[in-house]
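Engineer: Mind looking over this structure? Questions follow.
The values are calculated or read from the model by the stated rules, or taken from the named source; none is laboratory data. Only a predicted model underlies this, so the values are computations on that prediction, with no experimental measurement involved. Here the Cβ is made from the backbone with ideal geometry for all residues, glycine too, and neighbour counts use every protein chain on show.
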Amino acid sequence: MVFLVSGVAAHVVSTGGWSVHGGGDSVGIHGLVGALATSYALSGRQRPLRLLSVLVPAAGAVLCVMENNHDIGLLTGVVLGAAFALVPEGSREQTVAV
């Protein structure tokens, strides 16, 4: 789901004029990286890695300033990763099953 939503969001922005060249899977992969880093930053067990994973959303902000289409995929993944990390532990199984 993260790959698909991130990829579609980035391609919509790309065709809107940010970066009309390209169109590969890298934007979806950036979404997966953003989701993983954010969910770990919010709920990871090792503090040094949690602090390091905050750099990924910061990289998305830098890419946004550069109008790079990868930032939309990354930031979409960040939002989805935060939403997943903030879902209470007991309701995750119900959410996935739906």
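Engineer: Name the one entry in L55, L75, L86 that is surrounded by 18 or more Cβ atoms within 10 Å (Cβ to Cβ) and either under 18 Å from G16 (Cβ atoms) or not small (G, A, S) (or both).
Structural biologist: Of L55, L75, L86, the one residue that is surrounded by 18 or more Cβ atoms within 10 Å (Cβ to Cβ) and either under 18 Å from G16 (Cβ atoms) or not small (G, A, S) (or both) is L75.
Engineer: OK, next. Starting from residues that are hydrophobic (A, V, I, L, M, F, W, C) and modelled with pLDDT under 80, keep the ones in segment 18-44 and report whichever is farthest from M66 (Cα to Cα). Show your work before the answer.
Structural biologist: The first filter runs over segment 18-44 and keeps only residues hydrophobic (A, V, I, L, M, F, W, C), leaving 18, 20, 27, 29, 32-33, 35-37, 41-42.
Then keep just the ones that are modelled with pLDDT under 80; that gives 18, 20.
On the way: W18: 9, V20: 14 Å.
Looking at the filtered set, the residue picked out is V20.
Engineer: Tell me which of these S91 doesn't satisfy, since it passes every other one: (1) modelled with pLDDT of 80 or more; (2) surrounded by fewer than 18 Cβ atoms within 10 Å (Cβ to Cβ); (3) among the small types (G, A, S).
Structural biologist: (1)
Engineer: I'm checking my understanding of the structure. Among residues of segment 30-85 that are polar (S, T, N, Q) and in contact (Cβ under 8 Å) with a residue 12 or more places away in the chain, which one is nearest to M1 (Cα to Cα)? So that I can check it myself, show each step before the final result.
Structural biologist: Initial filter on segment 30-85 (polar (S, T, N, Q)): 38-39, 43, 46, 53, 68-69, 76.
Checking the rest, the ones that are also in contact (Cβ under 8 Å) with a residue 12 or more places away in the chain come to 38-39, 43, 53, 68-69, 76.
Values: T38: 16, S39: 15, S43: 20, S53: 21, N68: 22, N69: 19, T76: 11 Å.
Residue satisfying both the conditions and the ranking: T76.
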